[in-house]
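Working notes, beginning with the structure itself.
The values are calculated or read from the model by the stated rules, or taken from the named source; none is laboratory data. Values in this document were obtained by computation on a predicted structure and should not be read as measured data. Neighbour counts are summed over all protein chains in view; Cβ atoms, including those assigned to glycine, are modelled from backbone coordinates with ideal geometry. Please note that ligands, DNA and RNA were not included when accessible areas were found on the heavy atoms of the full protein model with its side chains. Shrake-Rupley method; radii C 1.70, N 1.55, O 1.52, S 1.80 Å.
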There are 2 protein chains.
Amino acid sequence: MRIQTFSSSSLQSSFPLNQIASMNGSRSRSRPEYIPGHIPDPSYVRILDTTLRDGEQAPGAAMTAEQKLRIARQLVKLGVDVIEAGFPCASQEDFNGVKMIAQEVGRKCEDDGYVPVIVAMCRCNEKDIRTAWEAVKEAKRPRLLPFIATSPIHMEYKLRKTKEEVLQIARTMVAFARSLGCRDIEFGAEDAARSDREFLYQIFGDVIEAGATTVVVADTVGITMPFEFGKLIADIKANTPGIEKAIIAVHCHNDLGHATANTIEATRAGARQLEVTVNGIGERAGNAALEEVVMALRCRGDHVLGGLYTGINTKHILKTSKMVEECSGMHLQPHKAIVGHNAFLHESGIHQDGLLKHRGTYEILSPEDIGYERSNEATMVLGKLSGRHALKTRLKELGYELKEDEVESVFQNFKAMAEKKKRVTDVDLKALVSDQVCDVEPIWKLCGLEVTCGTMNFSSTTIELVTINGTTHVACSVGKGPVDSAFKAVDLIVKEAVKVLEYSLNTITEGTDAIATVHVVIHKENAHSYNSTGNIVYPTFSGIGKGVDVVVSSVEAYLTALNKMLDFKE
Amino acid sequence: MRIQTFSSSSLQSSFPLNQIASMNGSRSRSRPEYIPGHIPDPSYVRILDTTLRDGEQAPGAAMTAEQKLRIARQLVKLGVDVIEAGFPCASQEDFNGVKMIAQEVGRKCEDDGYVPVIVAMCRCNEKDIRTAWEAVKEAKRPRLLPFIATSPIHMEYKLRKTKEEVLQIARTMVAFARSLGCRDIEFGAEDAARSDREFLYQIFGDVIEAGATTVVVADTVGITMPFEFGKLIADIKANTPGIEKAIIAVHCHNDLGHATANTIEATRAGARQLEVTVNGIGERAGNAALEEVVMALRCRGDHVLGGLYTGINTKHILKTSKMVEECSGMHLQPHKAIVGHNAFLHESGIHQDGLLKHRGTYEILSPEDIGYERSNEATMVLGKLSGRHALKTRLKELGYELKEDEVESVFQNFKAMAEKKKRVTDVDLKALVSDQVCDVEPIWKLCGLEVTCGTMNFSSTTIELVTINGTTHVACSVGKGPVDSAFKAVDLIVKEAVKVLEYSLNTITEGTDAIATVHVVIHKENAHSYNSTGNIVYPTFSGIGKGVDVVVSSVEAYLTALNKMLDFKE
């Protein structure tokens, strides 16, 4: 195993930043018993996930109660300590969503006694608090999160209240929440980062006295830098009366790109509950991302953060990320840290060469840690910056044992292709290798096509294909739509059992006579083999078609993929 | 102007984190004279943009020489101090790209004497350095960037060299670069963050003695936390012999989400050149994002960073971001800080209410600062979390002056719609208001459709539509493809001059009989009005169609949009 080889190497002592030991270290620790205002192990950091509340506030990210329940179930697998399930006062649907989560997810204890705290946000008024309590009270560990703004600009312009009024409201409402029977109360100071320090000490001291078990320092507008946010947390810890009876939580926004760093820095100053969202979604530029915060703690916790650790099962990160992406519709950029498509990909020649010699040269986390099944395929991409070393390795993986001069010749053609095409796929590589031997001609070519479709609920296609030796074949088929009928007509001629794995068509342009690009991926039915881990793998083949007629483009893409498949020899 | 109102308010002194003054402050300062190893103003921070080199290393982000030249021209408008134009040894195309940039962009002086430094990266060998120098030497301010790895793991496994060998190579190669006539040399210590400190002091000291004018501390694998990275920079500044003759640069990667914070923290410890990419693109999780670093310095430079400032014209950030997104194909997530689609959007009711009372409640940057033309439309989205205040404001902007009970009634229907639909658009709102009066029925409905298409290079459609009062109309048209002919047939019946602004079709699924979703946006030709800033605005209308037949779905989407347009009264 790579990690151990690395740890036991003679180099270890000279790495000031060796992250590997911490990753092994944190695995063995268990989650301490849950007590609202106290964590028995001072190194344990609670993770509060607010994807379902603050994440959902992202424009366009609204989710149904059913979707939220699905995500909440996944958050349990991930092992978050606290699920902020929603804002029950926002609408009836929100109320129902929180209640469903409290009743199901909040009541199912794991074997080790773990059950997430379910928390509902509420403004500091009796109606909100009562509604929120109705929504969460059936959970095994229910919590309320009354909040109020504490910064001068928010108090003056938004609340139109004085400091004294805000103090009075906070105290009274925390006491009111307690009077309903709630024993776990998290008090949120909105815009705390722009608030007067003395006022924060006072209001936190007062609410702790009134029964708050956690106090949240929110950087609502995402304005602070790590060193000042860390100082703020340290000051609060040093100056707030009774702070030892409560947990300090932080809630950071990413407007200046600092949410993750501020959250981590806060742990150094004593924060022990981190409020995050999956994929970092949230209002505006979003919140601190769960996956970044958790992996930073895992990777550096033992080495530079005094042994801090979380209870997160990181192997569920990838799956949770994909689920949230799908439910929220918030698509991630390829370079999103940890969970983006490119996060573990390497393209440049220098990096690929280094990785092939030792993964640790350019990798500080292993893709398996967040739930990937590792393969070089998932972590290296051949493009114009790739060098001979990477090309040769990939050709070997594809089963080609070439001589040095053959590799050199493929490499030259590969470089020429890579100048024109962003990614050179395995299929392209195969084609490049074949080109060294002979020019492969397509077995089937499109001669003519006529499609009829419309509102009859079925479509028909007549197609003429010509083979490599000049014979023409004609067939006709019906289908559910024009693309379906056209592919079926092709199948009647080609007579191969093919499975279409992906059919995608994208065009976003002005006007209706624009070029549509169709991408088809197929594999041959039953033509599988097994990889090194014993999983079934199918060789897949793709084709691209472009043109103003979407049906013709689709057939061309399909034929390209089919020709590659037919040309492929195991 | 909002900013001044805010600055002059009586609250100013009580804001520990008032960012506004710094924004005015930095505007008035000018860029100090360029001297390779020295910056006359100790508060000035140079920005090196490496979008064209490290950014392009992002898998799939390869750009043509022409695209790179276009981006380089835009980087000049943005005012970056140094453009890292590429890695000339990677390929002939890369060499040409760097040379074109050096010859054009690197030679055009602005009136104030500003011309960007053009830098080419090279490995520490004579061939690389010679090639790189050939590529950049015609620039007015050419610079070479020889680099070598300095961490134990890189030296042992990738370079297979000892410390002494690496030291020797670095010294010799910097001297060699100087011998070619290059007077501005930036030496890069790859993986410096995992390197031995004493070794860094030594190698930096040696290369400065050999003629290096900038030394780069790279966190190549993105592993450090801000406090330790800051300490590293401070230690290098304190212990490297001759460091006062060179600029300390930092180059941070985002693997743990800390690139921006590490870069900013380094400035506090003395770094005065920040290496960044537009949109934060780059290998794996990318680099520190130019827009985040620059706006953090702008927003907090005067207040908590001792007066640091850059020469960036932030009004060009948005345009540069869009250009890089387009050329690299690296699409941004909506919650990308500063330049993401949502970065200035507010959806929750509490936030919208606050903003309407005072923008400063939830906004620390103004969208205009990065090049937006502000409007409420660009910054507020109505969704299920929006409150009465935001709804009423938007209705007013749309021209509806409703009574309180009418607003309440629209609000109830709005909430019901928002539970089902993520974003409630202006068209939806208009429909909601109309619903208070009467149920609007579609004017045109699809009765039947027959389309023929194929390889004839044209398509024909026969269509039957029925009006609201039951009359049927039939028409037939040819077009370039099935969708084009179908829309033209609709136009023959409806007889409206319509412009299709957007036609998009997306389906990514297994199989070919999946549901395709078509989205059409149109506006009526010549039906424009003017907005408050004097720009022409067209009311636009959208429609969505779904089904297995892409042509039928397209027509349904088009008819929905047309019916909305016909129903719209100015």
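Only residues that are part of a loop (DSSP other than H, G, I, E, B) and open to solvent by less than 10 Å² (accessible area, probe 1.4 Å) were counted in region B:309-335, giving 2. Residues in region B:295-304 that are within 8 Å of another protein chain (Cβ to nearest Cβ) and either at pLDDT 95 or above or under 22 Å from residue B:335 (Cβ atoms) (or both): B:295, B:296, B:299, B:300.
Among B:143, B:183, B:178, which is the only one that is part of a loop (DSSP other than H, G, I, E, B) and not small (Gly, Ala, Ser)?
B:183
Would you tally the residues in region A:226-245 being among the hydrophobic types (A, V, I, L, M, F, W, C), open to solvent by 10 Å² or more (accessible area, probe 1.4 Å) and under 13 Å from residue A:272 (Cβ atoms)? Of the residues in region A:226-245, 1 are among the hydrophobic types (A, V, I, L, M, F, W, C), open to solvent by 10 Å² or more (accessible area, probe 1.4 Å) and under 13 Å from residue A:272 (Cβ atoms). Go through the residues of region B:381-391 one by one and say whether even a single one is under 31 Å from the mean Cα position of the chain (by Cα), modelled with pLDDT of 80 or more and in a helix (DSSP H, G or I). Within region B:381-391, one or more residues are under 31 Å from the mean Cα position of the chain (by Cα), modelled with pLDDT of 80 or more and in a helix (DSSP H, G or I). Candidates in region B:446-469 are the residues that are open to solvent by 50 Å² or more (accessible area, probe 1.4 Å) and over 17 Å from residue A:547 (Cα atoms); of these, the one that is nearest to the other protein chains (Cβ to nearest Cβ) is B:450. If I filter region B:43-76 down to residues being surrounded by fewer than 19 Cβ atoms within 10 Å (Cβ to Cβ), among the polar types (S, T, N, Q) and within 14 Å of chain A (Cβ to nearest Cβ), which single residue comes out as farthest from the chain's Cα centre (by Cα)? Top of the filtered list is B:64. Being modelled with pLDDT of 85 or more and under 25 Å from residue A:452 (Cα atoms) holds for only one residue in A:548, A:498, and it is A:498.
Looking at B:268, B:272, B:284, just one residue is of a type in the set (Lys, Arg) and open to solvent by less than 10 Å² (accessible area, probe 1.4 Å), and that residue is B:284. Looking at residue B:524, is it crowded, with 17+ Cβ neighbours inside 10 Å, modelled with pLDDT under 85 and among the charged types (D, E, K, R)? Here the answer is yes, as residue B:524 does meet what is asked. Take region A:486-508 and flag every residue that is more than 9 Å from every other protein chain (Cβ to nearest Cβ) and either of a type outside the set (A, V, I, L, M) or on the phi > 0 side of the Ramachandran plot (or both). The answer is A:491, A:495, A:496.
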